[in-house]
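These notes are about the structure you will find just below.
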Amino acid sequence: MALTISCPNCGKRNGYEFRYGGEDKGPRPAEEGLTPQSWCDYVHMNNCVAGIQKEWWCHKNGCGAWFTIFRNTLTNLEVEEPEAKL
Amino acid sequence: MNRLTKLPTLRIDPSENRSLQYKGQTYQGVAGDTVATALYANGVRVFARSLKYHRPRGLYSLDGECSNTCMQVDDIPNVRTENTLLKNGMQVKDQNVKGSAEFDWMGFMDKLDCLMPAGFYYRTMHKPASLWPIAMKQVRNAAGLGKIAPDFRMKGDYTEIYPRAAVCVIGGGAAGMTAALAAAESGLRVVLLDARPWLGGCFDYRVSAYDQEKALYQRARELAKAVEATPNIRVFKHTAVVGVYNNNLITAFQVGGESDSFNERYLEIRATSVVVATGCIERPLLFENNERPGIMQVGCAHRLARTYGLLPGNQAVFSIGHDLGLEAAADLFDLGLQIACVADIRADGQDPQLLLALTKRNIPFLRGWVACEAHGSRQVEKVTLSTIDGSAKRQFGCDLLVASAGLTPITGPLTLAQAKLKYDMHTGYFLPVDLPAKTHIAGRLTGLQHALAIEASGRLAGLNAAADCGFDTAKSAAEAGQQLNALPGPERGTRLVSAPVKGRKSFICFDEDTTLKNIKQAIEMGFDVPELIKRFTSAGTGPGQGGIPGHNLPLLVSEYQARTGAKPIPTTVRPPLVPTFIATYAGANHDMCKRTPLHDLQKKAGGVFRRMGVWRRARYFSEDFSCREEILNVRNNVGLLDASTLGKFRIHGPDALKALQRVYVSNMAKVAEGRVKYSAMCNDDGCVIDDGVVVKLAENDYYFTTSTGRAGETVEWIRFHTRYDGWDFHLVNLTDAMGVINISGPNACKVLAKVADTDLANEAFPFSSYREFTIRKKIPVRAMRLGFVGELSYELHADASYMPALWQIIEEAGQEFGIRNFGVEAQNVLRLEKCHIILGQESEQRTNLLDLGLGFLWHRNKPDAKTVGAVALRQTEKDPGRFRLVGFKMEDPQRPPRDGSIIVDQRIRGYVCTARKSFTLNESVGLALVDAELAALGTRLEIFEDECNGKRLDARIVPMPFYDPQGERMKM
Amino acid sequence: MKEIQRQSPVQFKADAQKIAMRDNWPVVLEYSNEGRGPFVVDLTHKAKWDLQDKNLATHKPLGLDIPTLPGACAFQKSVLINRLNRTQCAIWHLLADAPALPGEPGYTDVTESTVLLALFGPNALAIAEKLTALDLMDPQKQTPFLLQGPFSHLPCQVVTLERGHGFDGGLLLTCSRGYARSMVHAILDAGAEFGLRPAGEQRFSAWASGLSGKPGSAQAPSVMHLVTTRENL
């Protein structure tokens, strides 16, 4: 209820309009050299940062766009892109 | 009872009668009365009996801060009569009594308090264990407030509203009103909420001077008029804030007035900034029998007279700790109340004008004295006053004891907003520190008492709130700040926690009957933090939501523990801040569901509907839920099914094929013109999440279907899995745009041929192909020949708006063959006989493509596509210990196991996905997922059904499909 | 069987007085007892096109410009164009029959995908306020503007066409066709206290044609305060 998310098309909206798409882990790696362990890590392992993370959201009840935001997991509030990389 | 009808502060209309029924009699009240004040006007003093001890209880706060006056009104239990406006004809009953509130046979419980120390129910009645069911039954009968029948239904209109505001002001007293006016100067949208049915707060009922020209109540009305005349301030009265959430989301409940269309409604307000000006309630005074009927807080006594025209008693004693008590005493005296004595906890610090007022009226005044015991079995008759240290005592006869230790700020909304509360030594309040972003406080809540200071703080807060919304109010805010600083600041509060008593009958929480003694017991048992003590003794966890003990409990604990340097720690609150109806949370509660274009026609044809996901679908077409007739009709004749819920999509653009290759496991480049390609989508674990068919409409232009359950997520899924690629393709969701009719059965072609404008011969339109033509020269259709149910089938996709017409055309054409509808359950059995899977039924989270025997769909040689699922499939294809999908036949042809039954030997080896008695085969068959080890043909399976009492069912794995293994029927 | 006709998913329980046939759509032009507003009108028969392209600026449907920012709308001649996102816009033929769908692959005829309703007249926006938290009264927006979000708990496209005094005004609303009956039920229920009634296409055309080609008022709408309980009981 608390979280608001800024959709690039629709602006700031109630968090319940969106679906969470996980931490941003970059594009899928090339299959060359992938072990079951490393593939499973890409799909399922999360960094679980206690702080600001970049993550994907889909505006499923609105325009349907997929986009990333930065969110502080400690306050559960969206934040501006952080200057320093964590 | 005689009303004081000429007072200018009244909020009742004495000329308009309202009546209620209580104890078999009609009681008269007036418009504006609450149920409680109407009862009080008729001499009712004992309203209810308390939860544990069945002690008599009466009016105390007049704001419903405790359950003292909870009664049953019109079949609804636990109605807070102090907050409920009287409507003509209300039926009022007392609750939690054997007998009546006045004469409750359970009153003897009060003498048994030594058997019920703090937390006694955690520590008794469990040994021996056999005692507990008996004890529980007795406890249930004796405890609890209110009764309700399990089939009770709320009557009335409960709705919702979502007002938007730049600034939301909580509290419509002087501070809130000035804050709203200040914020509104900028033209911003302002919303103002107040829990009472009028604006005015603590000024509303007081005749003392605001300035040279007017009294406080006149100032309040002046402000209210200004507020209501301001077009960009929206006022919601009789609206209590229930929850406050991050990013200034506020929820509140509003009680409907006589001209409103709703009984109660839910408000959800997203504001940019918030001003909390909720004011104060009173801190209860703790002494022996401090909750007897006839004992009430200052505001309650004062407002009974000034707001409702009811003199609260005849002969009063006051035991107070702040100037409002002195003011009330003088004013009530002037209205006719006889006052035996005013005792003030404070040794000094009183407003000299107020002391003068008492002297002028010859009202005896005692400094540094406090009530220590109230006497009277059902109502107060006498009170013993004592010095603060207990060294001297005096007794006074009275029928009214006005008792109050001081004030308590209403910080609930701030606590919910995650502000921290810290004990302030000067005011004695728990004041908020670390306010959340864009939240401001004003008024008495901050410790201010002076009328002008209250207003100045409101104005400052309103201007700051407007600044949060981007308006430049720096200059006017600086001015307002200066004004505020020139006025008196927060006043010193009393810190007396209790009278000098042992506390056996000094109630710190009225709702839960928790006494001072109980608190000390809890501390001695080792509970050392107010939050724990609160939960262990249940103090503050009742309908009053902490209104009575919230401030006193931490003070008491701190005092009793006497730890050096330790400050009192407040307890927490959670939403809802006030008791609420579930009906209001439910609101309008419409069932938003999807219907196909054929819904009404199917209903008329006898369809029995069920909710399936978001859709309502016809599951059966008769009362026979085995669907025997429907099934055999499809096998031997021709049937009609509404398949409109299928997901349907158009994908187009230069990179459309790339996108399809990413999500489908097959080689989508091989979709031939005029042919239908069946494929599946997997997730990154290789597990099948969807299947469907793809048709190529033109270059870079495809039309594909998905399962009903996945239609809503398909676009999202495809976009998610291509989000890094920047491809140029576009998706259009046509799920609702087209309806689908499935005509299946050996006579399907004959029926369709009568109406289709095309050659339906097998050479012209073979199995697994796609054609576009018209029906009756009018309705364009996209047709596919597929075989889900294992018979000759045509799946016709047409504009949703043409569907009813199309249906009727086909039914008419099929009449000579006896065409019949079939529903989802019949389809389920038909496809089961063909061993065609339904995702979610024959698969679960861990089932991958290969487990289901669909490996033939997987095109391995497209690594550039990075097909979702390919990596996992490759990595796990040789893994042992996976499930396999198998078909089985029961030993007993009449006895299929229930769906979901487990397959066992010494341990669980799998489970039955779907099983049915097949009328076509005269066997009971099913599909199951079992350990690969057991998947060989001929293997015997033992099935354990729920509640089978150890008797297992026998089955054997047989080749798939069960029906028409050559697949000839579909290709006729 | 009778003549082949299309059927709207919206069937108001009201007496149709005048009906016209358009491309096999029986369009109700007028109902009896339409009242004086607010009104709800079924426009599902109106042609709607979806246009998606990597570079939308290269298209000029019916010779009209497509607005550039998501959420922006242009109501010109008889056509309303809504910009949905970077690569997609919706074209609704509100006041006249649509020409044939252009041949470019970017266009899809989505007339059938959604139910389209108009809600307008006195208190229309107060009705909407009971059904959605979307900020239709946002003073920073000029009509017409588009919001995509939940309306009665369903994902919808809401175009605010007009804002007048207080809560008067009007909007257009689409959601998946399958939800039509549920949505209409919810709207009629919310509108009951304001006297909402179904009306025919003529009522809509009379209102909407006055808005075509007009840029919205730049003023923040004056928000009428709703006094919800009587002051002097």
Checklist entry - For chain A, which strands (runs of 3 or more DSSP E) that fit wholly inside it have 1 or more residues that are farther than 30 Å from B:Gly686 by Cα and either away from chain B (no Cβ under 11 Å) or without any contact (Cβ under 8 Å) to a residue 40 or more places away in the chain (or both)? => result A:4-7, A:11-14, A:52-58, A:66-72, A:77-79
Checklist outcome for this item: Of the residues in region B:612-653, those that are aromatic (Phe, Trp, Tyr) and within 27 Å of B:Val732 (Cα to Cα) come to B:Trp615, B:Phe649
Checklist entry - Do we find that B:Gly89 is at positive phi and not assigned by TED's automatic domain parsing to the domain that holds B:Arg196 in this structure? => result yes
Next on the checklist: Take B:Thr584 and tell me if it is within 17 Å of the chain's Cα centre (by Cα), within 22 Å of B:Cys66 (Cβ to Cβ) and either within 14 Å of chain C (Cβ to nearest Cβ) or of a type in the set (Ser, Thr, Tyr) (or both).
Outcome noted: yes
Checklist entry - Looking at region B:458-493, which of its residues are among the polar types (S, T, N, Q) and either in contact with a Gly (Cβ under 6 Å, 6 or more places away or on another chain) or more than 19 Å from B:Ala277 (Cα to Cα) (or both)? => result B:Thr473, B:Ser476, B:Gln482
Checklist entry - Does any residue of region B:820-834 turn out to be at positive phi and more than 13 Å from chain C (Cβ to nearest Cβ)? => result no
Checklist outcome for this item: All-but-one check, B:Leu354 against (1) within 30 Å of B:Leu460 (Cα to Cα); (2) under 43 Å from the mean Cα position of the chain (by Cα); (3) hydrophobic (A, V, I, L, M, F, W, C); (4) away from chain A (no Cβ under 14 Å), failing number (2)
Checklist entry - Just one of B:Ala465, B:Ala453 is surrounded by 15 or more Cβ atoms within 10 Å (Cβ to Cβ) and touching a His at 6+ places or on another chain (Cβ under 9 Å); which is it? => result B:Ala465
Checklist outcome for this item: Counting only strands (runs of 3 or more DSSP E) wholly inside region C:150-206, the ones holding at least 3 residues that are away from chain B (no Cβ under 11 Å) and under 25 Å from A:Asn61 (Cβ atoms) are C:154-163, C:169-176
Checklist entry - assigned by TED's automatic domain parsing to the domain that holds B:His450, farther than 21 Å from B:Ser498 by Cβ and assigned to a helix (DSSP H, G or I) - does that describe any residue in region B:352-361? => result no
Item to check | Which listed residue is of a type in the set (Asp, Glu), more than 19 Å from B:Leu641 (Cβ to Cβ), free of Cβ contacts under 8 Å to residues at least 12 places away in the same chain and not in a helix (DSSP H, G or I), from B:Asp685, B:Asp728, B:Asp759 | outcome: B:Asp759
Item to check | Those residues of region B:775-833 which are touching a Cys at 6+ places or on another chain (Cβ under 9 Å), under 22 Å from B:Gly606 (Cα atoms) and surrounded by fewer than 23 Cβ atoms within 10 Å (Cβ to Cβ), in sequence order | outcome: B:Glu825, B:Asn828
Item to check | Qualifying positions in region B:1-33 - surrounded by 23 or more Cβ atoms within 10 Å (Cβ to Cβ), in a strand (DSSP E or B) and either small (Gly, Ala, Ser) or touching a residue at least 60 places away in the same chain (Cβ under 8 Å) (or both) | outcome: B:Leu20, B:Gly29
Checklist entry - Is at least one residue of region B:259-276 in contact with a Pro (Cβ under 7 Å, 6 or more places away or on another chain) and over 16 Å from B:Met177 (Cβ atoms)? => result yes
Checklist entry - If you go through region B:678-694 one residue at a time, do you hit one that is touching a Cys at 6+ places or on another chain (Cβ under 6 Å), under 30 Å from B:Pro766 (Cβ atoms) and more than 14 Å from every other protein chain (Cβ to nearest Cβ)? => result yes
Next on the checklist: Need a quick list: strands (runs of 3 or more DSSP E) entirely within region B:575-663 having at least 3 residues that are of a type in the set (Lys, Arg), touching a residue at least 12 places away in the same chain (Cβ under 8 Å) and in contact with a strand residue (DSSP E or B) (Cβ under 7 Å, 6 or more places away or on another chain).
Outcome noted: B:615-620
Item to check | strands (runs of 3 or more DSSP E) lying entirely in region B:388-466 (those with 1 or more residues that are of a type in the set (A, V, I, L, M)) | outcome: B:400-403, B:406-409, B:420-423, B:430-433, B:439-441
Item to check | Residue list for region B:507-543, filter: in contact with a strand residue (DSSP E or B) (Cβ under 7 Å, 6 or more places away or on another chain), surrounded by fewer than 23 Cβ atoms within 10 Å (Cβ to Cβ) and more than 12 Å from B:Cys66 (Cα to Cα) | outcome: B:Ser538
Checklist entry - From C:Thr87, C:Thr58, C:Thr44, which residue is at the interface with another protein chain (Cβ under 9 Å from one of its Cβ atoms) and surrounded by fewer than 19 Cβ atoms within 10 Å (Cβ to Cβ)? => result C:Thr87
Next on the checklist: Pairs needed: first member in region B:803-815, within 16 Å of B:Lys778 (Cα to Cα); second member anywhere, among the β-branched types (Val, Ile, Thr) and modelled with pLDDT under 95; C-beta distance under 8 Å; at least 6 residues apart or different chains.
Outcome noted: B:Ala805/C:Ile4; B:Ile809/C:Ile4
Checklist entry - Which is free of Cβ contacts under 8 Å to residues at least 24 places away in the same chain and more than 14 Å from every other protein chain (Cβ to nearest Cβ), of B:Gly855, B:Gly887? => result B:Gly855
Item to check | Among the residues listed as B:Lys567, B:Lys658, B:Lys604, the single one being under 30 Å from B:Asp63 (Cα atoms), among the basic types (Lys, Arg) and over 31 Å from the mean Cα position of the chain (by Cα) | outcome: B:Lys567
Checklist entry - C:Leu146 passes all but one of (1) at pLDDT 95 or above; (2) away from chain B (no Cβ under 11 Å); (3) not in a strand (DSSP E or B); which number fails? => result (3)
Checklist entry - Within region C:101-138, which residues are surrounded by fewer than 19 Cβ atoms within 10 Å (Cβ to Cβ) and either more than 14 Å from chain B (Cβ to nearest Cβ) or more than 22 Å from B:Asp736 (Cα to Cα) (or both)? => result C:Pro102, C:Gly103, C:Glu104, C:Asp138
Checklist entry - Does B:Met612 count as more than 30 Å from B:Thr411 (Cα to Cα), modelled with pLDDT of 95 or more and either touching a His at 6+ places or on another chain (Cβ under 8 Å) or within 14 Å of another protein chain (Cβ to nearest Cβ) (or both)? => result no
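The values are calculated or read from the model by the stated rules, or taken from the named source; none is laboratory data. Note that the structure is predicted; figures quoted are calculated from it, not measured. Note that each Cβ is placed from the backbone with ideal geometry, even for glycine, and that neighbours are counted across all protein chains shown.
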